[in-house]
Structure formats: C-alpha cells, structure tokens
1. From the residues in the stretch 17-34 that are open to solvent by 70 Å² or more (accessible area, probe 1.4 Å) and more than 16 Å from the chain's Cα centre (by Cα), which one is modelled with the lowest pLDDT?
2. Return the pairs, sorted by first residue and then second, in which the second residue is not hydrophobic (A, V, I, L, M, F, W, C), the first residue lies in the stretch 37-53 and is under 17 Å from Glu27 (Cα atoms), the beta carbons are less than 7 Å apart, and the residues are 6+ apart or on different chains.
3. Inspect all residues belonging to the stretch 35-50 and state whether any of them is of a type in the set (Val, Ile, Thr), modelled with pLDDT under 80, open to solvent by 70 Å² or more (accessible area, probe 1.4 Å) and part of a loop (DSSP other than H, G, I, E, B).
Amino acid sequence: MIPQGICGPWLEDLLSGHGVQAPTKFELVINLKKTVKVLCIDVPTTLLGARDEVIE
C-alpha cells in the first residue's frame with residue numbers, strides 16, 4: 001500500500017519516464033498464532049531472528 005501523499009509524485013515520475021524508486025527497506029512480519037499453525041509449518045530460528053515483528 002502506498003502511503004497517502006506520495007501517489008501523485010510517484011505517478012508523475014512514472015509517466016514522465018523517470019522510472020520508479022526501489023524500496024529501501026522490506027518488512028518481515030510472521031503471524032505465529034494463525035498462519036504458521038494453519039499451514040502446519042515450523043519457522044526456522046534464523047528466520048525468526050531476521051523478522052521485524054512477530055504476531056503471537
């Protein structure tokens with residue numbers, strides 16, 4: 001989702017041929033309570049260590 005207020009300049013740059021700026025940060029959020037249990041998967045500790053947020 002693009003935060004409100006940057007959609008206009010982003011679209012202007014895209015249409016004028018300047019390209020789009022790549023994201024500088026990606027966020028990793030793991031929902032341990034629902035998603036992991038429903039999918040019956042084990043999340044490796046290395047992945048848990050790299051996460052930005054854990055939902056329990």
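1. Going through the qualifying residues, I end up with Val20.
2. Partner pairs satisfying both residue conditions: Asp52/Glu27.
3. The answer is no, given that none of the residues of the stretch 35-50 is of a type in the set (Val, Ile, Thr), modelled with pLDDT under 80, open to solvent by 70 Å² or more (accessible area, probe 1.4 Å) and part of a loop (DSSP other than H, G, I, E, B).
The values are calculated or read from the model by the stated rules, or taken from the named source; none is laboratory data. The model shown is predicted, which means the values in this text are computed figures rather than measured ones. Note that each Cβ is placed from the backbone with ideal geometry, even for glycine, and that neighbours are counted across all protein chains shown. Please note that ligands, DNA and RNA were not included when accessible areas were found on the heavy atoms of the full protein model with its side chains. Shrake-Rupley method; radii C 1.70, N 1.55, O 1.52, S 1.80 Å.
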